[in-house]
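Asks: Could you have a look at this structure, given as structure tokens, before my questions?
The values are calculated or read from the model by the stated rules, or taken from the named source; none is laboratory data. Just so it is clear, the model here is predicted, and its values are computed rather than measured. Glycine also receives a Cβ, built like all others from the backbone with ideal geometry; neighbour counts cover every protein chain displayed. The protein model used for the area step is the full one, side chains on, heavy atoms only, and it has no ligands, DNA or RNA in it. Shrake-Rupley method; radii C 1.70, N 1.55, O 1.52, S 1.80 Å.
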Amino acid sequence: MPPLGNSEPPSESLQAAAEHLILQAHAPPAVVVNADGDVVFISGSTGKYLEPAAGKTNWNFHAMARQGLREPLADALKLAAGQRDPIRLRGLQVQAPGGNHRVDVTLQALEKPAAMQGMIMIVFNEVPAPLARRARRRANGAEDASHEAALQQYRDEIQKLRDETRASKEELQSANEELQSTNEELQSANEELTTSKEEMQSMNEELQTINAEMQSKLDDLALAQSDMKNLLNSTDIAMLFLDKGLNVRRYTERASKIINLREGDVGRPLSDITTTLHYPTLHEDAQETLRTLIFCEKQIRDLGGKWFSVRIMPYRRLDNVIDGIVITFVDITATKELESTLRRTPQS
């Protein structure tokens, strides 16, 4: 354990005791630490700078140094161990229970005596506080300064309130102008909406007129289709109308008896429709007529023994555009029978 700073002086001689007392009373506080930072000697009152750590006894300088000294002295100890010249740290602020204070610290590597070689002496020199008169003058000045600071604070707050009032007034004026501008924009938008409403009403009337005209045309078209259907059925000619994709577009009642057709077959391809005719190349002949625009006519017999003249021709619209195929089926059974009878009758 290191010797304490208030230990009894050596009793070898009166001179040694006197020197020890003088050092205790007038010399600055100091400690001697070894290379590991452990305190091996304490001189004077070091309580302002060192404080034993709580818990297990630990005389290491780094653990005992008060806040404000620990980090700067740790770096300085490393520098002092490698040089002969002392290292001085000035004006270090120490945090102690009695209040913060400043201290100058000197670190000196020891070479003599041999027993202390490699150790470092750390000396603490308290920085004196300001003189009392200066303190009183500062106290009075501080009081005046406090009043002046309070007055200045009041002035600043009043000025701040004025500035805020002015800024608020300007913001209100700006907001009023924006509201007025918005009101004008809304009024203009309302006028535009009124105009748009009138335009839409006019367009609605026009659409109603167009709708009525379209309905009239649709009625006329439906009537025309009805007339055409009645006309085609009255001719007693089987006719099949195909579009450009060779899909069923329209047919007569007579055609539905030759080719198996019903209302649901409108739009179906010709190749999907069955027929009683011995005509396996009907679809190919229709494609060829649509490609070449050349009429095709063949005499075909059905499963019942009847003969039909099947004629395939292009469907030409009024604007001279080819828009599909027309296939007619004419019953020529009587003609065929007559030809057969004539062939059997010997010529005179």
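Asks: Scan (1) of a type outside the set (Asp, Glu); (2) open to solvent by less than 80 Å² (accessible area, probe 1.4 Å); (3) in contact with a His (Cβ under 9 Å, 6 or more places away or on another chain); (4) modelled with pLDDT of 90 or more for the single condition Leu240 breaks and write down its number.
Replies: The failed condition is (3).
Asks: Are there any pairs with C-beta distances below 7 angstrom linking a residue in the range 311-327 that is under 15 Å from Arg291 (Cβ atoms) to a residue that is in a strand (DSSP E or B) and open to solvent by 40 Å² or more (accessible area, probe 1.4 Å), with the two at least 6 apart or on different chains, and if so which?
Replies: Short answer, once both residue conditions are applied: Ile322/Tyr315; Ile322/Arg316; Asp323/Tyr315; Gly324/Arg249; Gly324/Tyr315; Ile325/Tyr315.
Asks: Do we have Ile312 as of a type in the set (A, V, I, L, M) and under 17 Å from Ile237 (Cα atoms) here?
Replies: Numbers: of a type in the set (A, V, I, L, M): yes; under 17 Å from Ile237 (Cα atoms): yes.
Yes.
Asks: I would also like to ask the following. If I filter the range 206-237 down to residues being in contact with a Lys or Arg (Cβ under 9 Å, 6 or more places away or on another chain) and open to solvent by less than 80 Å² (accessible area, probe 1.4 Å), which single residue comes out as modelled with the highest pLDDT?
Replies: Ile237
Asks: Six or more apart or on different chains, Cβ atoms under 9 Å: show the pairs whose first residue is in the range 105-126 and surrounded by 12 or more Cβ atoms within 10 Å (Cβ to Cβ) and whose second is basic (Lys, Arg) and in a strand (DSSP E or B).
Replies: Val105/Arg88; Val105/Arg90; Thr106/Arg88; Leu107/Arg88; Glu126/Arg102
Asks: Looking at (1) open to solvent by less than 30 Å² (accessible area, probe 1.4 Å); (2) more than 14 Å from Val32 (Cα to Cα), can you tell me which one Leu73 breaks?
Replies: Among (1) open to solvent by less than 30 Å² (accessible area, probe 1.4 Å); (2) more than 14 Å from Val32 (Cα to Cα), Leu73 violates only (2).
Asks: Residues to consider are Leu303, Leu282; find the one that is among the aliphatic types (A, V, I, L, M) and more than 24 Å from Lys244 (Cα to Cα). Working first, answer last.
Replies: Numbers: Leu282 fails: more than 24 Å from Lys244 (Cα to Cα).
Leu303 is the lone residue from the list that is among the aliphatic types (A, V, I, L, M) and more than 24 Å from Lys244 (Cα to Cα).
Asks: Could I ask something else about it? Testing Gln187 on (1) more than 30 Å from Leu50 (Cβ to Cβ); (2) at pLDDT below 85; (3) polar (S, T, N, Q), one condition comes back false. Which one is that?
Replies: Condition not satisfied by Gln187: (2).
Asks: Next question, about the same structure. Would you check if Leu79 is among the aliphatic types (A, V, I, L, M), open to solvent by less than 100 Å² (accessible area, probe 1.4 Å) and modelled with pLDDT of 80 or more?
Replies: Spelling it out, it is not the case that Leu79 is among the aliphatic types (A, V, I, L, M), open to solvent by less than 100 Å² (accessible area, probe 1.4 Å) and modelled with pLDDT of 80 or more.
Asks: Tell me, yes or no, whether the range 96-106 has at least one residue that is within 30 Å of Gly44 (Cα to Cα), of a type in the set (A, V, I, L, M, F, W, C) and modelled with pLDDT under 90. Steps first, please.
Replies: Of the range 96-106, the ones within 30 Å of Gly44 (Cα to Cα) are 96-106.
If we keep only those that are of a type in the set (A, V, I, L, M, F, W, C) as well, we get 96, 103, 105.
Filter once more, so that each one left must be modelled with pLDDT under 90: 96.
Yes: one or more hits.
Asks: How about the range 28-41: which of its residues are surrounded by fewer than 20 Cβ atoms within 10 Å (Cβ to Cβ) and over 19 Å from Leu89 (Cα atoms)?
Replies: Asn34, Ala35, Asp36, Asp38, Val40, Phe41
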